[in-house]
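The values are calculated or read from the model by the stated rules, or taken from the named source; none is laboratory data. Please read these numbers as outputs of a predicted model, since none were measured by experiment. Don't worry about glycine lacking a Cβ; one is built from the backbone with ideal geometry, like all the others, and counts go over all protein chains shown.
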Ligand SMILES: C[S@@+](CC[C@H](N)C(=O)[O-])C[C@H]1O[C@@H](n2cnc3c(N)ncnc32)[C@H](O)[C@@H]1O
């Protein structure tokens with residue numbers, strides 16, 4: 001069902017709830033202690049800890065492993081990984097908040113999360129430094145260059161794994177794509193299909209793609225995020241950029257009848273013998 005934006009930014013929450021699905025907490029019992037706010041708060045994209053948890057489950061993480069959280073934003077996922085899996089996390093972002101160390105300490109993982117301000121294309125690590133790389137809702141901003149997969153995998157140990165969760169198009173966009181689906185243009189030009197991401201990594205000839213597919217809740221994550229944001233704060237009280245962003249998301253969902261806008265998970269293992 002479409003949501004009528006005629007009275008935007010005044011929203012009718014009952015109609016929002018009818019138009020947009022919410023991911024049921026019961027589907028993620030491992031996140032029970034976070035609640036709906038903890039699953040979304042301070043995360044910059046759709047899916048929140050729902051998507052992060054599905055990504056992490058693929059990595060077979062164990063205490064003591066060293067993990068790179070690439071494009072970590074506020075570092076919510078860095079704290080999540082350290083707390084839930086006992087791993088040590090290097091939290092990397094071009095703009096990293098100064099309070100991450102304090103928040104990690106408050107969550108009981110102060111010694112396990114190290115924040116590093118760096119460009120994802122110029123990383124300050126030794127080759128083979130990481131057991132795993134994790135990247136939520138960030139990789140398309142810096143990872144689409146043909147040379148990036150071999151570059152980023154050089155930081156993995158042989159047999160190490162990378163997992164990426166991001167917005168995607170079900171298929172590659174075409175010149176006649178409806179304007180409403182081109183969210184955050186031109187950034188959306190770097191948003192690709194799961195098949196594109198599979199080939200992007202397979203081309204490196206040094207990796208095995210273990211999984212590259214739409215997330216079964218990929219469309220729902222968009223809807224769930226809209227619901228969370230408008231239930232958290234009335235749009236009229238939001239900063240204009242945020243109100244405009246949600247407006248654009250609703251227009252996109254209204255226009256997209258066929259599930260063209262979704263989310264995907266890519267899971268890749270670096271080959272042991274290059
Ligand atoms: C949509 S946010 C996602 C942040 C976080 N992973 C989360 O889920 O909340 C994308 C992040 O990618 C970061 N980013 C974009 N380009 C980058 C680059 N070249 N190097 C490092 N970080 C980058 C941004 O600073 C931003 O924090």
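Being buried (at least 23 other Cβ atoms within 10 Å of the Cβ) and out of contact with any strand residue (DSSP E or B) (no Cβ under 6 Å at 6 or more places or on another chain) is the filter here; which residues of region 150-168 pass it?
Result: 152, 166.
If you take the residues of region 72-87 that are surrounded by fewer than 24 Cβ atoms within 10 Å (Cβ to Cβ) and within 15 Å of the chain's Cα centre (by Cα), which of them is farthest from the ligand (Cβ to nearest atom)?
74
Give me a count of the residues in region 142-186 that are touching a residue at least 60 places away in the same chain (Cβ under 8 Å), more than 18 Å from the chain's Cα centre (by Cα) and away from the ligand (no atom under 14 Å from the Cβ).
10
Take the conditions within 16 Å of the ligand (Cβ to nearest atom), modelled with pLDDT of 95 or more and either farther than 19 Å from residue 167 by Cα or not in a helix (DSSP H, G or I) (or both) and apply them to residue 44. Does it pass?
In short, yes.
Can you spot a residue in region 198-212 that is closer than 29 Å to residue 12 by Cβ and either free of Cβ contacts under 8 Å to residues at least 12 places away in the same chain or not in a helix (DSSP H, G or I) (or both)?
Kept after step one, since they are closer than 29 Å to residue 12 by Cβ, are these residues of region 198-212: none.
Looking through region 198-212, none of the residues is closer than 29 Å to residue 12 by Cβ and either free of Cβ contacts under 8 Å to residues at least 12 places away in the same chain or not in a helix (DSSP H, G or I) (or both).
When region 93-136 is examined, which residues are found to be more than 16 Å from the ligand (Cβ to nearest atom) and touching a helix residue (DSSP H, G or I) at 6+ places or on another chain (Cβ under 6 Å)?
Those that are more than 16 Å from the ligand (Cβ to nearest atom) and touching a helix residue (DSSP H, G or I) at 6+ places or on another chain (Cβ under 6 Å): 109, 110, 112.
Go through (1) more than 18 Å from the chain's Cα centre (by Cα); (2) within 16 Å of the ligand (Cβ to nearest atom); (3) touching a residue at least 60 places away in the same chain (Cβ under 8 Å) for residue 65 and report which single condition fails.
Exception for residue 65: condition (2).
Is one or more of the residues making up region 94-101 within 22 Å of residue 54 (Cβ to Cβ) and under 20 Å from the mean Cα position of the chain (by Cα)?
So the first thing to find is which residues in region 94-101 are within 22 Å of residue 54 (Cβ to Cβ), and the list is none.
No.
Does residue 36 satisfy being touching a residue at least 12 places away in the same chain (Cβ under 8 Å), surrounded by 15 or more Cβ atoms within 10 Å (Cβ to Cβ) and either in a helix (DSSP H, G or I) or touching a strand residue (DSSP E or B) at 6+ places or on another chain (Cβ under 8 Å) (or both)?
yes
I'd like to check something: does region 14-24 contain any residue that is touching a helix residue (DSSP H, G or I) at 6+ places or on another chain (Cβ under 8 Å) and within 16 Å of the ligand (Cβ to nearest atom)?
Yes, region 14-24 contains at least one residue that is touching a helix residue (DSSP H, G or I) at 6+ places or on another chain (Cβ under 8 Å) and within 16 Å of the ligand (Cβ to nearest atom).
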